[in-house]
Amino acid sequence: MDGEDIDSQKILGQVKIKKQIEVDSGYARYVLFVLLLVYVINFIDRQILAILAEDIKADFGVSDADLGFLFGTAFAVFYATFGIVFGRLADVWSRTKLIAIGLGFWSIMTVLSGTSRGFLSLAACRFGVAVGEASATPAAFSTLYDYFSPRVRTTVLAIYSSGVYIGMGLGLFLGGAILDAWNVAWPDSDLAPFGLKGWQATFMAVGLPGVLMSLWVSTLREPIRGSSENIIIETHSNPYLETTMVFISMLPICNLWTLANKGGYFSVAINIFSMILIVLVTWGLASYTGSIVQWVALGIGVYAVISWAQALRIRDQVVFSMIFRCKTLISVILAGGSTTFMGIAFSFWSVPFFQRYYGVGIAEVGLVLGLASAIMGFSGIILGGLLADKLRGYTGKGKLYVWLGGTFMAVISALVFLTTHSLMVAYASVSLMYLTIALGHGPQVSTVNDLSLPRGRSTTSAFALMVATFIGVALGPYIVGYLSDVFIARGNGEGEGLRLAMLWSLLLPVLGLCLIFRVLRHLEADEANLVNRARALGEPI
């Protein structure tokens, strides 16, 4: 019945599903291809800032820490918090419609980034890009899990996730080419069309295709949730109200009212205590670093997530417990965040590093790193998925072996990249780093989904992405930028200061390796007991 439409029927006495496609079908592969393109555009629009960083720094007169905030925290806080909201919406509403709407919105905000005339307006546009992009990945993971069978899911998620490296590579390559061509054609921006500078024109050029792509995505069919695992999920009666309540649970004052009515005054007391603790920590970090906006924004994001977790415990005890009471899942999520820290920080700062340390021109570094990211990252992520699915046939720990080995080799490659004095060796080692860190991406995200219930899969993926975003995106670029400023202030050159900062940042992925070792001990048992654990919590399976 491959690709064949079937008659509609009642699902658990709820609404009728009109069409369903057989898992692993031709149409399923078509959906994978379209969603891959969405993810490519996602990371082109996200990564483009790296190739434009030096021009924006010169134009706005900002520091490395400011650039780290712009690339990291300004994006991460909104991406993480709205990812939780949209993750819940994806669990109770049409995932394909959500992706289409989000794609159109973030593409428009990328175009508007090209109209920015100052640091604050550009940061505001980055907020908008983050909100739109937050809609895509949790919904895509859940959709693909319903279109493909367990035997190929790691490979499927690896193919989808290869959009990270293809998008990063194309963002660097296209961004460098457009920026260089524009600056050559109009060295005096006052004479350029509409008075646009090269970096502004680049934002506009890469943002427009996504607006058209959103129309294509809107034509995709929505699969029956949980059908590939024979766990058919009851259709939610009011998805918009459910999502609104999730959003309200993150808002100060409003969330206290909700907690008082549903969870009692003890829940309110915990929330207020968390707020006070976050304010104190934020004040301390802001005073020490001088980066008030960085830590206030991150503090707001952390408080929003704590409030969401409290509300989730009240509204959906099963999903809450499946996430927060599974030590294996939490360790997988934290390990993913620590490796993301290196991946995001290095993908952003490698471009300025080559410009400062080796004096390489923007066109060359964009071409080399763009191709390295696209080719090596794509190859690594596909190879990692294939290896993980192959090894999974021999041992339930097969995915983790691939993730562990890839992360270890990525750290070694990064050490060589930052300690060599040869440009060619640096290019080769950073390319190897792209390959090896990509090996673990598919195994990591598929393990998160393997440990999740179908009806809570998008929420769990959104939480995992939130942790990775806070650790990797909000802290990664900023901390490297801040340390770079510190080392430069102590008398190091700009290139040497950035090199030292990137070296110190490798401590976190080493911690990630330790967490992966811990997961090896418990993964098989927790995956095997997934349904039993859910039943014990009251899930009617």
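Take each peptide in 59-67, 26-34, count the other Cβ atoms within 10 Å of every residue, and average; sorted highest first, the result is 59-67, 26-34.
Can you pull out the trypsin sites (Lys or Arg not before Pro) in the stretch 428-513 that DSSP calls coil and that have at most 12 other Cβ atoms within 10 Å? Mind showing how you got there, number by number?
Values: sites: R455, R457, R490, R499; in loops: R490.
Sites meeting the loop and neighbour criteria: R490.
The stretch between Q317 and F33 holds 98.7 nm of extra length on full extension. This uses 0.36 nm per residue minus the Cα-Cα distance. The listed peptides 85-91, 428-434, ordered by packing as a protection proxy, come out as 85-91, 428-434 (highest mean of other Cβ atoms within 10 Å first).
Highest mean packing first, where packing is the average number of other Cβ atoms within 10 Å per residue, the peptides 371-384, 306-319 line up as 371-384, 306-319. Only alpha carbons enter this Debye calculation for the stretch 429-541, each as an equal point scatterer, and the log10 of I(q)/I(0) it gives at q = 0.10 Å⁻¹ is -0.46.
For the chain, what does the helix formula give at 222 nm: sum of -39500 (n - 2.57) over DSSP H segments with n ≥ 4, over the residue count, nearest 500 deg cm²/dmol? Let's see the in-between values first.
Details: 25 runs with 404 residues, N = 541.
Result for the chain: -25000 deg cm²/dmol, rounded to the nearest 500.
The simple spin-label model puts a point 7 Å past each Cα toward its Cβ; for V293 and L212 those points are separated by 3.4 nm.
Rounded to the nearest 10 degrees, the angle from helix 507-528 to the longest Cα principal axis of the chain is 10 degrees.
Length gain on complete extension for the stretch F324 to I375, per 0.36 nm per residue less the alpha carbon to alpha carbon distance? Mind showing how you got there, number by number?
Working: separation 51, 0.36 × 51 = 18.36 nm, distance 3.67 nm.
That works out to 14.7 nm of additional length.
Charges were assigned to the Cβ only: +1 to each Lys and Arg, -1 to each Asp and Glu. The resulting dipole of the stretch 310-406 about its Cα centre is roughly 500 debye.
Taken over the chain, lysine pairs spaced eight or more positions apart, or on distinct chains, with alpha carbons under 14 Å apart number 4.
Quick note: the coordinates plus some simple rules give every number you see, no bench work behind them. Worth saying up front: this structure is predicted, and the values here are computed from it rather than measured. Cβ: placed from backbone, ideal geometry, glycine included. Neighbour counts: every protein chain shown.
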